[in-house]
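Just so it is clear, none of the values below were taken in a lab; they were calculated from the coordinates. Given the structure is predicted, the values throughout are model-derived calculations rather than measurements.
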Amino acid sequence: MIAGEFRYRVLDELGEKIISDQKVKIKLDPFEDRKMVLDLPQREGVKVIYDFKESTSGKTKTFTEIVPYLLTPFEPLRPILNIKWPTNYGSTPRFANSL
């Protein structure tokens, strides 16, 4: 069995501040896993630092991750028609070329 403390820190590198700092006590049996869901902001410059400190040996393992973020713009409230209206009406290409 592995027992220890899992700590994660969410940092805003652009604003140079700590968004969140959480600690969780964990006990895992052999071949057991545990899923954790972190609520992270979706913007540029967010970094997460994970630490796990084993309680029996006192050893610490650290992992740092830059959080990916979406560059897709938000959906507009009203639909937008992306149509370029023709500049010349009522003529065919053949007729327009003969002028």
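Brief remarks follow.
- For region 47-56, 3J(HN,Hα) per residue [Karplus equation, 6.51 cos²θ - 1.76 cosθ + 1.60, θ = phi - 60°, Hz, x = Gly/Pro]: 10, 10, 10, 9, 10, 10, 10, 6, 6, 6
- Too-long pairs where the Cα-Cα distance tops 19 Å, listed order kept, from K23/K59; K17/K53; K17/K61; K27/K47; K25/K47; K27/K59: K17/K53; K17/K61; K27/K47; K25/K47
- Whole-Hz ³J(HN,Hα) from phi, Karplus 6.51 cos²θ - 1.76 cosθ + 1.60, for region 18-30, glycine and proline x: 8, 7, 8, 9, 10, 10, 9, 7, 10, 10, 10, 7, x
- Amide H within-cut-off set for I19, under 5 Å, with H built and near neighbours excluded: V10, L11, D12
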